[in-house]
Amino acid sequence: MMGPLGSAAPADWPAFRGPNASGIADTTGLPTEFGPKLNVVWQTALPAGASSPVVTAQHIFLTGAGERKLETLCLDRSSGRILWRRSLTPARSETLHQLNNPASPTPVTDGKNVYVFFGDFGLVSYSGDGAERWRMPLGPFANLHGMAASPILAGGHLFMLCDQDSESYLLAIHKNSGKVAWKTPRPEAVHGFATPSIFHPRQGPDQIIVPGSYQLTAYSAAAGERLWWVRGLTWQVKPTAVVSGDTIYVTGWAPGADAGERQNLPPFEEVLKEGDKDDDGKLSPDEVPERLRHKGSWNAIDLGRDGFLDERDWGFYRARRSAQNVTMAIRPGEAKGDLTATHVLWQTDRSVPVVSSPLLYQGVLYTIKDGGILSALDPASGQIHKQARLPGAIDNYFASPVAADSKVFVLSETGKLCVVKAGKEWELLSLNDLNEPCYATPALADSRLYLRTQTKLYCFGKP
């Protein structure tokens, strides 16, 4: 619940996409028109980074990256003044996708302290005045695009998802001591970028909801036990799942998994018989039959990075080629185990978002797909109420939509900010141009919109 400065909840917008990744703020009075010189309360220059702002009663936390430097910044919420910045020296320089950044993961805050993750270092926590509380080096990670999932907090624990091409795991840490509470391996997962969310069942402990390779999985927040899972997701998942009451909405898109692109590959034993010329039990690039070869990077399927495909590598590649891009709704109840056949309410392969997470707001489920395709779906059935392109914003989308004040805010890669009147038959209220690339998801709190561009953080609000 939001409130005025000084009487806010522990944090107004505490994590990636706000309270439990919902993307929703209970605030009003937001403007519909924005620009570098329009409805700007303040603006502050920032180092490079793609992390989203998180907001407490008095502070805003972000991260940035420079030459051999990983930074955590604390800004004064009312003025945008940088109160402190703390630097870490990276332990290494991991391979990144051209659109990724060493400071892509978003911080999380409990209202007093801040917790940050860098793929080139690991985890670190600072107090509100910038004192280091603890650090936990992690990695190196086997992720050919670099890490991007953000940490979350629940029940006194900090949770960090580390999905990679070998030895994926979900980690729980005591938030005050920085000591490991539990670590659960995820052998079924390869690299992914989705931030977990929290599910509160009517009975039983809280659950950590993790979208990952080929399935959505729920773990006990208290002990790390795998409780249930639903198969059918694509092979590389980026969006965060949205939890509303007893229902979970999840989406995932990856290259080669649209309808008509999928391919059923033969088992490893059959491919070995056909292509393994030297009988060493594995496949070099030249030994893979031409009709079965991966058209992209070899490292994308050579999970062990040893120059060959073994049975594990082929198994994931085979699953990848048959995976499907899909949006689905799941109602797990109190069930355990594989819920694929029994607890999926609906699923659709139409206009599946590439990176952006879904938004459930005022009884409508929204998704934004590259090309500026905004869809409004019935959350009970998956039926599309309205689907259309946002005129003037036919673009790629990395930020996720957020909502407040009966408005939905949709931010494109080139800085086009569309303000949409919420509803089944949504209407475009305004198209704004920030004149800079944008990859971070905006934050909403106390009649303000906090938006990060490539070079600065804006605070927008009515005069």
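Throughout, read-outs are computed from the coordinates displayed, never taken from laboratory work. This is a predicted model, so every value here is computed, not measured. No Cβ is skipped: glycine too gets one built from the backbone with ideal geometry, and neighbour counts run over all protein chains shown.
Equivalent ellipsoid of segment 293-399: semi-axes from √(5λ) of the C-alpha gyration tensor, largest first, are 32, 23, 10 Å.
In segment 169-215, the C-alpha radius of gyration followed by the widest Cα-Cα span (Dmax) gives 12.4, 34 angstrom.
Within the set of other residues whose C-beta is less than 11 Å from the C-beta of GLY392, count the net charge using Lys and Arg as +1 and Asp and Glu as -1.
Details: positive: ARG389, LYS416; negative: ASP395, ASP433.
In short, 0.
Here the peptides 30-41, 245-256 are ranked by packing, the mean other Cβ count within 10 Å, and the order with the highest first is 245-256, 30-41. Distant-in-sequence amide contacts of GLY122, defined by a placed amide H-H separation under 5 Å and a gap of 5 or more residues or a different chain, comprise LEU138. Just so you know, the Cα atoms of segment 268-322 work out to an Rg and Dmax of 10.1, 28 Å. Normalised by the number of residues in segment 342-399, the average gap of Cα pairs under 8 Å and 6 or more apart makes the relative contact order 31 percent.
Quick one: divide the alpha-carbon radius of gyration of segment 39-171 by 2.2 N^0.38 Å and tell me what you get.
Values: Rg = 14.5 Å, N = 133, 2.2 N^0.38 = 14.1 Å.
Relative to the rule-of-thumb radius for its length, segment 39-171 sits at 1.03.
Both numbers refer to the Cα atoms of segment 350-424; Rg and Dmax are 11.1, 33 Å.
Report the net charge of residues surrounding LEU70, where surrounding means a beta-carbon distance below 15 angstrom and charges are Lys +1, Arg +1, Asp -1, Glu -1. Before the final figure, lay out each step's value.
Numbers: positive: ARG68, LYS69, ARG85, ARG86, ARG92, ARG135; negative: GLU67, GLU71, GLU94, ASP120, GLU132.
Result for the neighbourhood of LEU70: +1.
Give me the number: length gained by fully extending ALA223 to LEU99, i.e. 0.36 nm times residue separation minus the C-alpha to C-alpha distance, one decimal in nm. Intermediate values should be presented prior to the final figure.
Values: separation 124, 0.36 × 124 = 44.64 nm, distance 3.52 nm.
Computed gain between ALA223 and LEU99 is 41.1 nm.
To the nearest ten degrees, helix 311-322 and the longest principal axis of the Cα atoms of the chain are 60 degrees apart.
Reducing segment 58-86 and segment 121-193 to their Cα centroids gives an inter-centroid distance of 21 Å. Put simply, the C-alpha atoms of segment 172-304 give a gyration tensor, and the ellipsoid matching it has half-axes of 36, 18, 13 Å, longest first.
When you filter the GluC sites (Glu not before Pro) in segment 365-463 for DSSP loop state and at most 14 other Cβ atoms inside 10 Å of their Cβ, you are left with GLU425. Karplus-based coupling profile of segment 120-135, in residue order and whole Hz: 7, 9, x, 9, 8, 10, 10, 6, x, 9, x, 6, 6, 9, 6, 9, with θ = phi - 60° in 6.51 cos²θ - 1.76 cosθ + 1.60 and x standing for Gly or Pro. Under conditions of 10 °C and 1.306 mPa s, the chain yields 70 µm² s⁻¹ as its translational diffusion coefficient, taking Rh as the Kirkwood radius over Cα pairs in the Stokes-Einstein equation. Between LEU345 and ALA329, ILE330, ARG331, the built amide H atoms are under 5 Å apart, and every one of these is 5 or more places off in sequence or on another chain. In order along segment 419-436, the phi-based Karplus estimate (6.51 cos²θ - 1.76 cosθ + 1.60, θ = phi - 60°) of 3J(HN,Hα) comes to 10, 10, 6, 5, x, 4, 9, 3, 10, 6, 8, 7, 10, 10, 10, 8, 6, 8 Hz; Gly and Pro are listed as x. Between SER297 and THR89, full extension at 0.36 nm per residue minus the direct alpha carbon distance yields a gain of 71.8 nm.
The percentage of C-alpha pairs in segment 1-106 whose separation is greater than 24 Å is 32%.
Any idea what the relative contact order of the chain is, in percent, if you count C-alpha pairs under 8 Å spaced at least 6 apart?
16
Which whole-number value in Å³ per residue fits the convex hull of the alpha carbons of segment 246-298? Kindly include the intermediate steps, with their values, before the conclusion.
Details: hull volume 7.5 nm³, N = 53.
Cα convex hull per residue, to the nearest whole number: 142 Å³.
Between ALA341 and PHE308, residue separation times 0.36 nm minus the direct Cα-Cα distance comes to 8.3 nm.
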